[in-house]
1. Residues of segment 102-137 with amide nitrogen under 18 Å from the 7 Å Cα-to-Cβ point of Ile215?
2. Could you name the lysines in cross-link range of Lys326, using Cα to Cα under 25 Å and dropping any fewer than eight places away on the same chain?
3. May I ask you to list the lysines whose Cα is less than 19 Å away from that of Lys360, ignoring any residue fewer than eight positions away on the same chain?
4. Using 1/(1 + (r/R0)^6) with R0 = 41 angstrom and r between the beta carbons of Val303 and Ile276, what's the FRET efficiency to the nearest 0.05?
5. Among the lysines, select those whose C-alpha is under 25 Å from the C-alpha of Lys254, and discard any that sit fewer than 8 residues away in the same chain.
6. Label points 7 Å out from Cα along the Cβ direction at His425 and Thr12: separation in nm?
7. Figure the gain on full extension for Glu391 and Lys360 (residue separation times 0.36 nm, minus the Cα-Cα span) and round it to one decimal in nm.
8. Ranking Phe457, Phe506 by Cβ neighbours within 10 Å, fewest first, what do you get?
Amino acid sequence: MCYFDKIEKTYTPVGQEIGINEFDTKSISETDNELWIMSEKRIFKTNLDFSEVFEYTISDGVSYGIEHLAACLNSERNRIFFGGQDGIQFFNTEELPVDTTMQNVVITNFKVFENEVTSADASLNGKSISYSDSITLGYKQNFITIDFSSMHFSNTTTQKYSYKLSGVNKDWVIADNNQNSVTYSNLKPYNYTFEVKVSSEHRTWFDKSTKLIIIIKPPFWQTDWFRFITIISIVSIIILIIRIREYNLVQDKKKLEKTVTKRTSELIDQKNKVEIQKEELQNANDVKNKFFNIIAHDLRNPVGSLVQLTSLLRENYNTLTEKQLKEIINAASSSSESTLELLEDLLIWARSQTNKINYKFEYAKPYFLAESEIQNLIHQAISKNIKVKNEISKHIDVNVDTSTIKTVFRNLLSNAIKFSTPNSHIEIGSEYQDEHLVIYMKDKGVGIPEEKLNKLFKINEKISTDGTNGEKGSGLGLNLCAEFIKNNNGTIWAKSEKEKGTTFFFTLPYKQKT
């Protein structure tokens, strides 16, 4: 059965929710804004919008013989006549009964994972489910089945059930014919209210419903008391840490005061140590200034540049040309590499300043130490078409800490590539000098001005120049090289000629193995 909208010119199925379409419709008649729909076994009365329905059968006094119903007629005395195989029949619309007897629904069974919950279960507190208004379950008991039944048994074939579960069903759900159970799965911890009601014999719904409160408790880590205890514990730990730090600071301050007092006394008695202590203090101050300068400036600039480039790329991606995109991506890549180089140098430098680098001396061939770093940086050399020649003798051994010497090779080679002109070459070689091996690294780059040569390895002098392709440096690399070579019992120096290139030299102890 469909409703035709004259304005929209559309057909909409109607009567499905109230069961009219379950039977073959024989005739339809209208009286006082009501529709009377006759089928072979039932007569339905409904309003024009199908919001409610009354159903009548033989048990309500309606006689039948209309298997071959052909027509019907409304009279002026609330009678509807219809013809069938037994002749003309009629019924009085005002004499049909209306069932107003309130019907109750009883919850007859409750299952968890298909296992029946009985009065012996703790969740029901010794009551039967039919006499309980609530049930409490654990968070894992989230697959439930509820059985229910009407207490009116005169004509159960025309009854229907309607149910809903708060938090799951927004509206009432009308159960299929003869369905008197419902199953819910994967329920989350919550206080649910299950309601069920039944229709009368004439399919009118009663407002009164049967309710069951279903409480699914959350796991302990989701409870308010657990959150409260966790917060209190965290706050307590933070306060304890603060107290311990305050105590340690007080103790450190006392120790420092004792040390200062002792040093002051020593300075008064030994004036010849004043200059030494002054120099140590100056060096410590220089280290601090260098650290803050790198953090505040050198690290901020490439990161800020990277942020600006990515923002430009994000905001103008669709309007940029392919050439502009490549330029931005290349600039971002260069900035990222510069930042990574700075962070690596800063990490190594910080470890060296806190004496956390353990020097482990062993015999090693400098040729292979240099070769491993050449392979690590070969992509940088290829990008500028620079050839790197390793001409260190393969047969000589030096007694060094291999990790720090590889760092020296990496920093010197990175600088050489950075300041070499494209299409040039870099030569790494060695020569003997007494009991030391002199290793040199020569490039054909822009060179270093003479006034800067003497400042290359001083921590308090910032010597950082852009490479031939605009590469950025941290200014820490050569300081690391100088410190590592010194701790490997060697020396380092440089020679340079502007626009012709630079050569770095460093010595390592050379002794034959015994």
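FYI, it's all coordinate maths here, none of it is from the lab. Since this is a predicted model, take the numbers as computed values, not measurements. Cβ coordinates were reconstructed from backbone atoms using ideal geometry, including for glycine residues, and neighbour counts include every protein chain displayed.
1. 118-137
2. Cross-link targets: Lys384, Lys418, Lys472.
3. Lys406, Lys486, Lys511, Lys513
4. On the way: r = 39 Å, r/R0 = 0.96.
With R0 = 41 Å, the Cβ-Cβ based efficiency is 0.55.
5. Lys262, Lys273, Lys278, Lys288
6. 8.9
7. Numbers: separation 31, 0.36 × 31 = 11.16 nm, distance 2.60 nm.
Working it through step by step, the gained length comes to 8.6 nm.
8. Values: Phe457 19, Phe506 25.
Placing the least packed residue first, the sequence is Phe457, Phe506.
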